[in-house]
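**Q** The following block contains the structure, expressed as structure tokens.
The values are calculated or read from the model by the stated rules, or taken from the named source; none is laboratory data. The structure presented is a predicted model; accordingly, all values stated were derived computationally and were not measured. Counting neighbours? That spans all protein chains shown, and the Cβs are built from the backbone with ideal geometry, glycine included. These accessible areas exclude ligands, DNA and RNA; they are computed on the full protein's heavy atoms, side chains included. Shrake-Rupley method; radii C 1.70, N 1.55, O 1.52, S 1.80 Å.
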Amino acid sequence: MQKFYLVLWTLLLVPIPANSFPTTYSPATSNIHPGKYELKPRWRVNDKCCMIPGPVAFIRYFSSSDIDDRDDVLGRLDDFVADDKDSAVIPGRRQFLFLGGASAGALLPGLFSIHIDSLNASADENSVIQKPYPDSFLLQSNADGTIASKVSIPLIAYSFYKTSSEFAPRGLALALRGGVRHYDMATDYGNSDIIAPLFQKYFKKGKIDWDFEEEKDELLQKLDLVRQKADSAYKNETKTKSFRGTEGQGRNNLFLTYKLSNAEQSTDPAAVRQTIRKLTSKFGTSYLDLVSLHSPLTGSSRRLATYKALLQMKEEGYIRSVGVCNYGVCHLKEIVENGMPLPSMNQLELSPFNTHGPIVQFCKQNNVLIGCAAWSRLSSADGPVEKWEKLGQLAKAKGVTKAQILVRWALQKGYACAPRSGTKSKLERIAIAENSYGGVVDFLLSGEEMNLLDNLNVDYKSGKLGRKDGWKEEDVKGSDWEPSAC
């Protein structure tokens, strides 16, 4: 059916009264992989009518040199508008195709997935995602900026941060039941020795041995429901193929992120190599999907040498993507200045309370996916009271939790999000379901609501926040301290 729509769009020649469309739209994120139906104001046409020749749009679109897979077009309507350049006039390529499709949707309501009445004409830079895809792409560039590889990554993970070894196995079991496919782990989390054997079992059998009879029916029903929603979203997705080795299907379905501690960073490539080989052996897999440096606090020589060693391990097939955490613009530029490609992802302590504008802008301009944790009082110190109350008011109006609002905000921003939750209390266990992809897919944050969240930014520093995620108490130099500071 989508092929029919595409052909029909290319045959249309429809005049559009520009003054009836206050703005036109392009993705809120870079061309990495915007969410489905992701639309935002970007450029304005003049007040005259515009003729949109469909066949020309079709030819121009498919002659695009963008990195997006051509086969991905039919499944991702957002790719029709994936040109991300500011312009005061129609710049060509995908905008032509989008305008043709939009006008067709206005004339033929009910036939198309995107309708004119679903467009948000607010003049901000936030997206409106009706039903975002659950994954994005990690792009690994060559030193000259060209794309060397592209790896699919589920956007919402389950993080083992601050989950004790006692409760980590239960967290993994519940997250797997809830359809979570991406797991965020780190040496500094202190629980990998406990959960690694469980991943080994899952990779071999496609399941782990866990007695769900002990769990409440309410929780199991929530987990099963969110899993159905996640599986439905993934059913048309291309599954991750086995990168190397002969792991079972269980491995192919999961994405493992692992962060090397500062102590594991080394100027000796052999030491870094040994660390990675031990990790793959411990988890019972021949590769890890994403390995990141947990912080830049070790100094230039160690972080650069470790990063270079990880790139070599990627070439050898033990790592699919190389990332960093808490890197500022100066740390990222340092990589380029030393002749190496930028990382696939930079995970930041990022939230509406601290949006890291300059770092995010640099990463978007250079195809570096932004990762963040869903910040809440469950995992950190109390936040700014007045701002937190506004978040609570929005959550109440939406009928969801504050954490769900933060996860959805991250999803609509195009960020990879790693919420964490323990399993000691009922609320924590239910939060595993609520904060998964299936738990946030059924509500929408409007452009106005996204603006409200963005205006909560007070540059709430890590030193004040109280989290220690990749650093120790002695590293924190006062309330204004940031690990990404240059």
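**Q** For the structure I just gave you, tell me whether Gly463 is assigned to a helix (DSSP H, G or I), open to solvent by 10 Å² or more (accessible area, probe 1.4 Å), of a type outside the set (S, T, N, Q) and modelled with pLDDT of 90 or more. Break it down into steps so the answer makes sense when it comes.
**A** Numbers: assigned to a helix (DSSP H, G or I): yes; open to solvent by 10 Å² or more (accessible area, probe 1.4 Å): yes; of a type outside the set (S, T, N, Q): yes; modelled with pLDDT of 90 or more: no.
Here the answer is no, as Gly463 does not meet what is asked.
**Q** Can I ask one more? May I ask you to verify whether Gly178 is surrounded by fewer than 17 Cβ atoms within 10 Å (Cβ to Cβ), within 22 Å of Cys372 (Cβ to Cβ) and not polar (S, T, N, Q)?
**A** Details: surrounded by fewer than 17 Cβ atoms within 10 Å (Cβ to Cβ): no; within 22 Å of Cys372 (Cβ to Cβ): yes; not polar (S, T, N, Q): yes.
No; evaluated as a whole, the condition is false for this residue.
Every residue, every condition in (1) buried (at least 23 other Cβ atoms within 10 Å of the Cβ); (2) of a type in the set (Phe, Trp, Tyr); (3) more than 18 Å from Leu348 (Cα to Cα), yes or no:
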site	(1), (2), (3)
His294	yes, no, no
Tyr318	no, yes, yes
Ser321	yes, no, no
Val329	no, no, no
Lys333	no, no, no
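**Q** Another one. Can you tell me which residues in segment 123-165 are in a strand (DSSP E or B), modelled with pLDDT under 90 and not β-branched (Val, Ile, Thr)? Explain how you work it out, then say what you get.
**A** Quick first cut of segment 123-165, residues in a strand (DSSP E or B) only: 135-141, 147-154, 156, 158-159.
Still in the running and modelled with pLDDT under 90: 135-141, 147-150.
Of everything in segment 123-165, those that are in a strand (DSSP E or B), modelled with pLDDT under 90 and not β-branched (Val, Ile, Thr) turn out to be Asp135, Ser136, Phe137, Leu138, Leu139, Gln140, Ser141, Ala148, Ser149, Lys150.
**Q** Looking only at segment 146-161, count how many residues are of a type outside the set (A, V, I, L, M), within 21 Å of the chain's Cα centre (by Cα) and open to solvent by 50 Å² or more (accessible area, probe 1.4 Å).
**A** Going through segment 146-161, the residues of a type outside the set (A, V, I, L, M) turn out to be 146, 149-150, 152, 154, 158-161.
Narrowing further to those that are within 21 Å of the chain's Cα centre (by Cα): 149-150, 152, 154, 158-161.
Subsequent filtering for residues that are open to solvent by 50 Å² or more (accessible area, probe 1.4 Å) retains 150.
Within segment 146-161, residues that are of a type outside the set (A, V, I, L, M), within 21 Å of the chain's Cα centre (by Cα) and open to solvent by 50 Å² or more (accessible area, probe 1.4 Å) number 1.
**Q** Moving on. Please find, among Ser380, Ser351, the residue that is buried (at least 23 other Cβ atoms within 10 Å of the Cβ), touching a helix residue (DSSP H, G or I) at 6+ places or on another chain (Cβ under 9 Å) and modelled with pLDDT under 95. It would help to see each step written out before you state the result.
**A** Working: Ser380 fails: buried (at least 23 other Cβ atoms within 10 Å of the Cβ).
Answer to the check: Ser351.
**Q** Hey, another quick one. Exactly one condition in (1) within 21 Å of Pro154 (Cβ to Cβ); (2) of a type outside the set (A, V, I, L, M); (3) modelled with pLDDT of 90 or more is false for Lys207; which is it?
**A** All conditions pass for Lys207, except number (3).
**Q** Moving on. Does Lys308 satisfy the condition of being open to solvent by 30 Å² or more (accessible area, probe 1.4 Å) and among the charged types (D, E, K, R)?
**A** Working: open to solvent by 30 Å² or more (accessible area, probe 1.4 Å): yes; among the charged types (D, E, K, R): yes.
Yes.
**Q** Let me ask something else. I'd like to verify a number: residues in segment 192-217 that are in a helix (DSSP H, G or I) and in contact with a helix residue (DSSP H, G or I) (Cβ under 8 Å, 6 or more places away or on another chain), how many? Outline the logic, then answer.
**A** Filtering segment 192-217 for residues in a helix (DSSP H, G or I) gives 192-205, 212-214, 217.
If we keep only those that are in contact with a helix residue (DSSP H, G or I) (Cβ under 8 Å, 6 or more places away or on another chain) as well, we get 192-196, 198-200, 202-205, 212.
Final tally of qualifying residues: 13.
**Q** Name the single residue that is farthest from Ala418 (Cα to Cα) among those in segment 226-273 being among the small types (Gly, Ala, Ser), open to solvent by 30 Å² or more (accessible area, probe 1.4 Å) and modelled with pLDDT of 65 or more.
**A** Out of the qualifying residues, it is Ala270.
**Q** I would also like to ask the following. Where the second residue is among the aromatic types (Phe, Trp, Tyr) and exposed (fewer than 15 other Cβ atoms within 10 Å of the Cβ) and the first is under 18 Å from Ile432 (Cα atoms) and touching a residue at least 12 places away in the same chain (Cβ under 8 Å) and lies in segment 202-228, which pairs have Cβ atoms under 7 Å and are six or more apart or on separate chains?
**A** If the second residue must be among the aromatic types (Phe, Trp, Tyr) and exposed (fewer than 15 other Cβ atoms within 10 Å of the Cβ), the pairs left are Leu220/Phe212.
**Q** Looking at segment 261-304 only, could you name the residues that are over 23 Å from Ser159 (Cα atoms), touching a residue at least 40 places away in the same chain (Cβ under 8 Å) and not basic (Lys, Arg)?
**A** The answer is Ser266, Pro269, Val272.
**Q** Specify the residue that is most open to solvent (accessible area, probe 1.4 Å); the eligible residues are those in segment 385-436 that are part of a helix (DSSP H, G or I) and among the β-branched types (Val, Ile, Thr). Let's see the steps before the verdict.
**A** Of all residues in segment 385-436, those part of a helix (DSSP H, G or I) come to 385-398, 402-413, 426-434.
Checking the rest, the ones that are also among the β-branched types (Val, Ile, Thr) come to 385, 405, 407, 430, 432.
Numbers: Val385: 91, Ile405: 0, Val407: 0, Ile430: 17, Ile432: 10 Å².
Residue satisfying both the conditions and the ranking: Val385.
**Q** Go through segment 245-342 and tell me which helices (runs of 4 or more DSSP H), entirely inside it, have 1 or more residues that are within 30 Å of Ala485 (Cβ to Cβ).
**A** Values: elements: 249-252, 269-283, 300-315, 329-337.
Once the helices (runs of 4 or more DSSP H) in segment 245-342 are filtered for at least 1 residues that are within 30 Å of Ala485 (Cβ to Cβ), what remains is 269-283, 300-315, 329-337.
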